[in-house]
Each structure stands twice: as structure tokens, then as C-alpha cells.
1. Given the condition touching a strand residue (DSSP E or B) at 6+ places or on another chain (Cβ under 9 Å), under 14 Å from F22 (Cβ atoms) and part of a loop (DSSP other than H, G, I, E, B), answer yes or no: does some residue in region 125-138 qualify?
2. Give me the residue from region 116-156 that is open to solvent by 80 Å² or more (accessible area, probe 1.4 Å) and of a type in the set (S, T, Y) and, out of that set, nearest to the ligand (Cβ to nearest atom).
3. Restricting to region 1-21, what's the tally of residues that are open to solvent by 10 Å² or more (accessible area, probe 1.4 Å) and within 11 Å of the ligand (Cβ to nearest atom)?
4. Looking only at region 22-32, how many residues end up being surrounded by fewer than 17 Cβ atoms within 10 Å (Cβ to Cβ) and of a type in the set (F, W, Y)?
5. Name the helices (runs of 4 or more DSSP H) wholly inside region 33-115 in which the number of residues that are touching a Phe, Trp or Tyr at 6+ places or on another chain (Cβ under 7 Å) and either open to solvent by less than 20 Å² (accessible area, probe 1.4 Å) or more than 11 Å from the ligand (Cβ to nearest atom) (or both) is 2 or more.
Amino acid sequence: MIKVLFVCLGNICRSPMAEFVFKQMVEERGLSERFEIDSAGTNYDCDERNFMHYSAREMLKSMHVPFEEHYSRRIRPNDYTYYDYILAMDDSNIEDIQSLVGGDTEHKIHRLLDFTSNPRNIRDPWYTGNFDESYWDIVEGCQAFLEHLLKENNDG
Ligand code: 4NP
């Protein structure tokens, strides 16, 4: 079982979109049984169980990405122990995750787009208003991450 946790700031825009995009990708390849996939945020108010942002839900609907009801939650030190991959959307997420879970001694924390040939941050649509851009960056990152896992598996 490969356990993957997507993390952003608010856990209402980017990381839930990544969670459901990646769930669909593994489902389409018949690999769902081999994964546990969730998302979380770093912001202080994430445990208020906020809904996924309306525009994130609309984006997923328009791309036919299935999703369930989602409530935000804040990442906690247990998540670091439990998950194999903690996939952040941007550099500031990485810093925040490290301070919330107490470092990254096992090298589990990565920036999602660092698996692509064009490493970069995924901009926050909460501030940019551009959900389309964030969605396509997430798709690119999830595809590259899955290819990385499949390659690692074949090589091993
Ligand atoms: P996300 O976007 O990190 O992609 O979920 C944000 C959502 C909410 C806030 C910040 C970023 N906020 O400050 O409430």
C-alpha cells in the first residue's frame, strides 16, 4: 500500500483537487487498491472542517473528476509517520509542513511539480482566482508522480 497525502495551505482548493485528480488517475489504471490517498492543509483554521471551494468543485465537475464531500483538516505529526509521500503545492507549504510535523528526517516531503521536468510552485488560486491554471499544474504533477512510482516499481 502506498500512502499519499497532498498538502496545501487551506485544504480547500489545491490539495483536495490533487486528491481527487490522483484518485481518478489510479482508478483508471486499476490501481486503487494499492493506494491510500488523502489531503490536508497547514493553515491554523483547517480543522474548522471547511468545504472544498466552490470553484474547485466546479473545476472538477467540468473535467469529470469524481469527488466526495470534503472537509478541510490540518496536517499533524501522526500524518508524517503514517504517509509515505507528503506532496506539497509550493515552497511555503514545505516550510509550514516541516514546522508542523517536526522536520523531514525520512525525506517524505516533496513539492508535487518537482516530479516534472519543469519544477515549480503551483500558484494558489485562492489568491490568483485562476483555478484552471492550478488544475492543469496539478494534473501535470500527478501524472509525473504516478510515472515516478511506476518506474520505481519496475526498477525495483
Ligand atoms: P489552498 O488555497 O491552499 O489551495 O486551499 C487557500 C484557501 C484558503 C486560504 C488560503 C489558501 N485561506 O487563507 O483561508
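1. no
2. Y127
3. Looking only at that region, the number is 3.
4. 0
5. Per the criteria, 54-62.
Yes/no per residue for (1) free of Cβ contacts under 8 Å to residues at least 12 places away in the same chain; (2) within 12 Å of the chain's Cα centre (by Cα):
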{"site": "V101", "(1), (2)": "no, no"}
{"site": "T116", "(1), (2)": "no, no"}
{"site": "P119", "(1), (2)": "yes, no"}
{"site": "I122", "(1), (2)": "no, yes"}
{"site": "W126", "(1), (2)": "no, no"}
{"site": "F145", "(1), (2)": "no, yes"}
{"site": "L150", "(1), (2)": "yes, no"}
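The values are calculated or read from the model by the stated rules, or taken from the named source; none is laboratory data. Here the structure is a predicted model, which means the values were calculated and not measured. Neighbour counts run over all protein chains shown; Cβ positions are idealised from the backbone, glycine included. Please note that ligands, DNA and RNA were not included when accessible areas were found on the heavy atoms of the full protein model with its side chains. Shrake-Rupley method; radii C 1.70, N 1.55, O 1.52, S 1.80 Å.
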